[in-house]
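Here is the structure we will look at, set down as structure tokens.
Here, each number is a calculation from the coordinates, and none is a lab measurement. Computed from a predicted structure; not experimentally measured. So basically every Cβ, Gly included, is an ideal-geometry build from the backbone, and we count neighbours across all protein chains shown.
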Amino acid sequence: MPAATFRIAPSILSADFARLGDEVGAVEAAGADLLHFDVMDNHFVPNLSIGPLVCAALRPRTKMPIDVHLMVKPVDRIIPEFAKAGAGIISFHPEASDHVDRTIALIREAGCKAGLVFNPATPLSHLDHTLDKLDLVLLMSVNPGFGGQQFIPSVLPKITEVRRRIQASGREVWLEVDGGVKIDNIAAIAKAGADTFVAGSAIFNAPDYADVIGKMKAAVAGTR
Ligand code: DX5
Ligand code: ZN
């Protein structure tokens with residue numbers, strides 16, 4: 001099998017919001033592959049962040065695909081707004097949708113890649129009738145709402161199980177992990193089966209973004 005492709009997705013939740021455009025340019029120059037865009041509504045999760053206006057404002061500032069992680073309920077109405085704002089991937093939590101299949105279809109009809117997000121305690125049974133329509137599975141390794149939390153290690157076997165299901169599907173589906181990803185645990189997360197890594201505080205709280213992203217890429221290289 002060819003070596004896996006790994007992607008680093010800085011979460012701008014931990015960026016300096018007063019200088020957001022420059023921060024996006026800085027992580028792109030530092031080697032980032034995707035821009036992770038955390039949308040929180042103070043209802044589905046206990047925090048309030050950024051919406052389609054900010055996504056549209058950042059779109060012309062980068063060539064990276066914008067990886068929108070919706071932590072909002074209800075979710076359907078906002079999907080076309082994010083597609084218009086230039087999102088490349090839109091992911092949502094099954095708990096935020098009354099009709100998961102319809103929400104996936106909405107994302108794809110809007111011309112975006114579709115992702116389903118699993119909280120640490122959300123069962124993988126939600127993949128049973130959805131994986132064949134998904135471009136991305138996003139496994140939370142913290143409970144969503146805040147940056148800077150500790151990685152929950154019980155997610156590691158869950159990553160391996162999702163990788164097994166993706167392989168069995170024969171489709172190309174990205175497996176992204178979000179929460180508490182650092183230089184010192186990213187290799188274990190890659191070995192478990194992830195190929196796409198969200199990192200907020202590990203990158204934006206460091207003085208040298210290229211140093212962190214470079215070390216992350218070096219740590220995962222050759223793990224699978
Ligand atoms: C949590 C968000 C994450 C978060 C990651 O609800 O979905 O993307 O910002 O931040 P770190 O890497 O600091 O755990
Ligand atoms: Zn996220």
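What single numbered condition from (1) over 21 Å from SER141 (Cα atoms); (2) in contact with a strand residue (DSSP E or B) (Cβ under 6 Å, 6 or more places away or on another chain); (3) assigned to a helix (DSSP H, G or I) fails to hold for ALA87? Going through the list (1) over 21 Å from SER141 (Cα atoms); (2) in contact with a strand residue (DSSP E or B) (Cβ under 6 Å, 6 or more places away or on another chain); (3) assigned to a helix (DSSP H, G or I), ALA87 breaks only (3). Any idea which residue in the stretch 32-48 is nearest to ligand 2 (Cβ to nearest atom), counting only those that are surrounded by fewer than 20 Cβ atoms within 10 Å (Cβ to Cβ) and farther than 15 Å from ILE66 by Cα? It comes out as ASN47. Residues of the stretch 120-143 that are surrounded by fewer than 18 Cβ atoms within 10 Å (Cβ to Cβ) and within 12 Å of ligand 1 (Cβ to nearest atom): PRO120, ASN143.
Let me confirm something: among ARG108, ARG19, ARG77, ARG102, which residue is touching a strand residue (DSSP E or B) at 6+ places or on another chain (Cβ under 6 Å) and farther than 18 Å from ASP178 by Cβ? Let's see the steps before the verdict.
On the way: ARG19 fails: touching a strand residue (DSSP E or B) at 6+ places or on another chain (Cβ under 6 Å); ARG77 fails: touching a strand residue (DSSP E or B) at 6+ places or on another chain (Cβ under 6 Å); ARG102 fails: touching a strand residue (DSSP E or B) at 6+ places or on another chain (Cβ under 6 Å).
Testing whether each residue is touching a strand residue (DSSP E or B) at 6+ places or on another chain (Cβ under 6 Å) and farther than 18 Å from ASP178 by Cβ leaves just ARG108.
Looking only at the stretch 134-180, residues that are part of a helix (DSSP H, G or I), in contact with a strand residue (DSSP E or B) (Cβ under 9 Å, 6 or more places away or on another chain) and either hydroxyl-bearing (Ser, Thr, Tyr) or farther than 13 Å from ALA190 by Cα (or both) come to 2 in all.
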